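The values are calculated or read from the model by the stated rules, or taken from the named source; none is laboratory data. In this text the structure is predicted, and so the values were computed from the model without any measurement. Positions of Cβ are generated from backbone atoms using ideal geometry, with glycine treated the same way; all protein chains shown enter the neighbour counts.
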Amino acid sequence: MIDTTDPGTRIRLLLVDDHQLVRDGLRARLGDIEQIDIVGEAANGQQALAAAQSLLPDLALVDIGLPDINGIELTSALAERCPALRVLILSMYDSQGYVMSAMRAGARGYVLKDAPSAEIIAAIRAVAAGGVYFSSALTAALATQPDDATALTEREREVLILVAQGDSNKRIAQKLDVSVRTVETHRLNLRRKLGIETAAGLASYALKRGWIRG
């Protein structure tokens, strides 16, 4: 997690897209932005995995339509090999299926390629700081996704929201005035009830119900 409120903080960014023209465009849009350092590029999944392990970026901006493995599969691989790295999907696809699959794979946000530069920059900063971010155009679509019938307790809902906002177990315990072990038990119950393993998945679950803002 990066303190993006500190003007001296730098966000090390890896660009992953199979089109050179897109990467050039991103460099043009982001290259002069304060706090953002583009430390590398990759044109496919294998290059991205190698770059992530050698360059140690803070965040990877990943396209879904890669030529070897898709961006969702790459997100899963990055989560396994580089757990400290945060992934933000930048895609032309706006379907619920892609968004939810990306979140389940471990992505912390999803932004559309035709989004304004200001929104892409806001997404990078939010995800680098430990939060989640969805393009405003996706919020309504996520809200229409059919809900499940699983009933959460009020405490489980509180824990879910805090996890979705990026809080650690220790921080959640402090906020709710309970033990860390109690928080861990609630998180285990959430995984069992919802079938969601990652904090990003819980964030998308909370977002589509209006419990947090994108």
**Asked** Name the residues in the range 30-71 that are more than 18 Å from the chain's Cα centre (by Cα), in a loop (DSSP other than H, G, I, E, B), farther than 11 Å from Leu15 by Cα and modelled with pLDDT of 95 or more, would you?
**Response** none
**Asked** In the set Val180, Val127, Val159, Val111, which member is surrounded by fewer than 16 Cβ atoms within 10 Å (Cβ to Cβ) and at pLDDT 90 or above?
**Response** Val180
